[in-house]
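Coordinate-derived values only; no laboratory data. It should be emphasised that the depicted structure is a prediction, and the values quoted were computed from it without experimental measurement. As a convention, Cβ positions derive from the backbone with ideal geometry for all residues, glycine included, and neighbour counts pool all protein chains shown.
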Amino acid sequence: MSTMDPLDYAVVIPTVGRPCLADCLRALAAAAGPAPREVVVVDDRPGPRHTRAPLPLGALGELRTRARAVSTGGRGPAAARNAGWRAVGAPWVVFLDDDVRVGPVWRAELTAELAWAAPDVGGVQGVIEVPLPAGRRPTDWERNTAGLAGARWATADMAYRRPVLAAVSGFDERFPRAFREDADLALRVLAAGWRLECGTRTTRHPVRPAGPWVSLRTQAGNADDALMVRLHGRDWWRRAGAPRGRLRAHAAVTAAGAAAVVLAATGHRGTGTAAALGWALGTAEFAWARIAPGPRTGPEVAVMLATSVVVPPLAVCHRLRGLWRHRGARPLPDASRPLRIVPVPVRSPLRKGPVP
């Protein structure tokens with residue numbers, strides 16, 4: 001296989017050493033189809049390298065001879081993916097998360113998609129499947145994870161041409177979390193004139209365990225949304241196919257709560273009571289919006305009630321923090337460029353006929 005063969009690809013997997021990495025590597029090794037030229041596992045655990053447990057690269061089986069680890073020392077997933085793609089030489093780079101499981105014919109489907117990609121196609125996205133529990137409604141966290149199934153350009157399974165990554169300087173490392181860094185990259189690739197296509201290869205993304213207060217931790221992503229606004233304009237979410245979110249409602253509820261406290265403290269009981277009622281109604285609506293589609297068990301309802309009080313002001317605080325931190329970020333000159341995304345016609349060797 002020549003160095004410029006369109007089927008020649010590398011796989012990059014950033015990790016912080018979670019146990020699920022071994023399952024991810026085993027699924028990649030077991031998948032039918034042409035093997036990747038390289039597999040780079042990027043160790044993004046902080047601290048000295050000699051203090052970390054070895055990564056389970058042996059789970060790759062016969063692919064172990066093609067694999068190596070690169071260390072970034074806790075700089076975040078954007079920096080880890082940059083280190084990974086810059087360390088490989090294959091013309092295509094496929095990013096996987098360490099908590100996914102590629103399908104049994106994933107390698108065959110992937111190489112078929114890459115072979116059929118037109119020269120102006122900069123990236124091909126995989127199909128993410130999130131298995132949810134049978135027999136009950138999903139929890140708030142499970143529904144949050146299930147949103148990956150409809151997300152555009154999620155790097156849980158996303159292939160890019162390496163020259164395209166080089167042309168746009170890869171991921172923006174100002175995004176410190178696994179949030180929005182993939183949408184930012186895709187919008188910049190589209191703005192540079194490349195097309196992004198949807199493939200048919202499938203990858204499962206199980207819902208990983210999370211504590212009851214996980215919804216509070218995820219509010220930090222509002223700071224990243226502030227950077228997206230600075231870089232891509234206020235309508236970035238429409239062009240990126242991202243949900244609008246509830247920040248405006250959170251700001252209104254937070255303002256009502258703050259006003260109720262100030263008015264009560266200054267003796268304005270009537271208006272203070274009205275503001276408190278507005279806060280209570282807004283908080284109750286938010287809590288019910290999270291409780292209604294869920295399993296409605298006692299523990300789940302209790303957590304939803306408690307976190308629905310804290311989430312709105314926390315989200316606003318993170319957004320303000322992001323606005324201040326990224327106040328000097330310069331918008332892209334062509335942030336309003338229209339979205340271009342079309343399905344990729346694939347004739348997989350393991351399927352009959354073209355896939356729409």
- For region 23-99, what number results from the quotient of the Cα radius of gyration and 2.2 N^0.38 Å? 1.09
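Please list the equivalent ellipsoid semi-axes of region 164-225, computed as the square roots of five times the alpha-carbon gyration tensor eigenvalues, in descending order and whole angstrom.
They are 27, 18, 9 Å, listed largest first.
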- Project the alpha carbons of region 141-197 onto their principal axes and report the range along each, largest first, in whole Å. 36, 26, 17
- Distance between Cα centroids, region 114-129 to region 18-91: provide it in whole Å. 22 Å
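Under 8 Å for C-alpha pairs, at least 6 residues apart: give me the relative contact order for the chain, rounded to a whole percent.
RCO, the chain: 19 percent.
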- Note on the structure: Using eta = 1.306 mPa s and T = 10 °C, Stokes-Einstein with Kirkwood Rh from Cα pairs puts D for the chain, in µm² s⁻¹, at 72 µm²/s
- Query: In the chain, what % of DSSP beta bridges are antiparallel (nearest 5)?
  - Reply: 30 percent
- Query: Taking Cα atoms, how many degrees apart are the long axis of helix 247-265 and the longest axis of the chain, rounded to 10 and kept between 0 and 90?
  - Reply: 30 degrees
- Item | Cα Rg, Dmax (largest Cα-Cα span) when computed across region 155-312, Å | 20.3, 65
- Note on the structure: Descending packing, highest mean Cβ count within 10 Å first, for 172-184, 281-293 is 172-184, 281-293
- For region 94-144, using Cα atoms only, the Rg and Dmax in Å read 15.2, 46
- Cα-projected label distance for His50 with Ala242, points at 7 Å along beta-carbon direction, nm: 4.2 nm
- Query: Which value in nm describes the separation of the simple spin-label points at Leu57 and Ala32, placed 7 Å from the Cα toward the beta carbon?
  - Reply: 2.9 nm
- Computed over the chain: longest principal axis from alpha-carbon atoms vs helix 298-325 long axis, angle to nearest 10 degrees, is 80 degrees
- Item | Where the Cα pairs of region 279-336 fall when distances are cut into 10 Å bins, in % | 20, 32, 21, 19, 7, 0
- Non-local residues with an amide H under 5 Å from the amide H of Ala67, with H modelled 1.01 Å from N and Pro and chain starts lacking one, are Val39
- Task: Using the Karplus curve 6.51 cos²θ - 1.76 cosθ + 1.60 with θ = phi - 60°, work out ³J(HN,Hα) for each residue of region 93-106 in order, rounded to whole Hz, and write x for Gly and Pro.
- Result: 10, 10, 9, 10, 7, 7, 10, 9, 10, 5, x, x, 10, 4
- Message: Can you compute log10 of I(q)/I(0) for region 118-159 with the Debye formula, treating each Cα as one identical point scatterer, at q = 0.34, 0.35 Å⁻¹?
- Response: -1.16, -1.19
- In terms of modelled amide H atoms, which long-range or inter-chain residues lie less than 5 Å from the amide H of Arg45? Thr72, Gly73, Gly74
- Message: If you fit an axis through the alpha-carbon atoms of helix 221-232 and take the longest principal axis of the Cα set of the chain, what angle between them do you get, 0 to 90°, nearest 10?
- Response: 70 degrees
- Compare the peptides 30-41, 238-249 by average per-residue count of other Cβ atoms within 10 angstrom and give them in order, highest first. 30-41, 238-249
